[in-house]
């Protein structure tokens with residue numbers, strides 16, 4: 001991993017600020033319901049090229065917690081989808097799975113009925129490629145917003161802290177093409 005390719009940009013996630021960056025939605029999903037019981041789970045969501053409308057060299061995520069309680073997140077990683085293996089595997093290198101931070105930390109909480117943005121991350125998003133985003137939940141509350149009937153393929157595994165692991169096994173496909181937690185992928 002090259003230090004120049006994967007530096008974290010100074011941007012305030014807590015305020016939703018972009019550090020002077022002009023953001024464009026590459027994917028936006030209306031979250032319509034709530035889900036809980038994610039403590040200890042890792043989810044991996046596959047965003048196909050068909051879902052991405054815009055390329056960029058900097059990326060951030062909008063994350064949405066539910067009104068019954070917020071959630072505690074131990075780690076969120078993004079990686080280009082691997083060309084072989086399971087559909088939810090990430091490429092191990094070029095680029096390697098890369099961690100999103102919030103307020104400079106890899107572990108953070110989202111308050112009840114709140115939305116926040118990750119810090120800006122220098123990571124090239126190519127709208128002609130597919131990406132996997134892995135999230136590990138650690139603790140309660142663990143209430144997130146969910147959208148069903150989307151084009152996102154979401155997979156989950158209990159008792160696994162594998163958000164940034166490239167090659168994993170044993171994940172189960174979530175029902176109804178659910179998008180979990182991530183309501184926007186924005187690029188600049």
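Every number here is computed from the coordinates shown, using simple stated rules; none is lab data. Bear in mind the structure is a predicted one, so any value in this text is a computation, not a measurement. Because the Cβ atoms are built from the backbone with ideal geometry, glycine has one as well, and the counts that use them run over all protein chains shown.
Each of the peptides 102-115, 152-165 was scored by the mean count of other Cβ atoms within 10 Å over its residues; in descending order, highest first, they stand as 152-165, 102-115. Put a dot 7 Å past the Cα of residue 105, heading toward its Cβ, do the same for residue 140, and the two dots end up 2.1 nm apart.
For Cα pairs less than 8 Å apart in space and 6+ apart in sequence, what is the mean separation divided by the residue count of the chain, i.e. the relative contact order in percent?
Details: 551 pairs, mean separation 72.3, N = 188.
It comes to 38 percent, rounded to a whole number.
Could you work out the Rg to Rh ratio of region 113-188, with Rh taken as the Kirkwood radius (inverse of the mean 1/r over all Cα pairs)? A ratio of 0.94. Taking a quarter of the surface of the Cα convex hull of region 46-171 gives a mean projected area of 7.6 nm².
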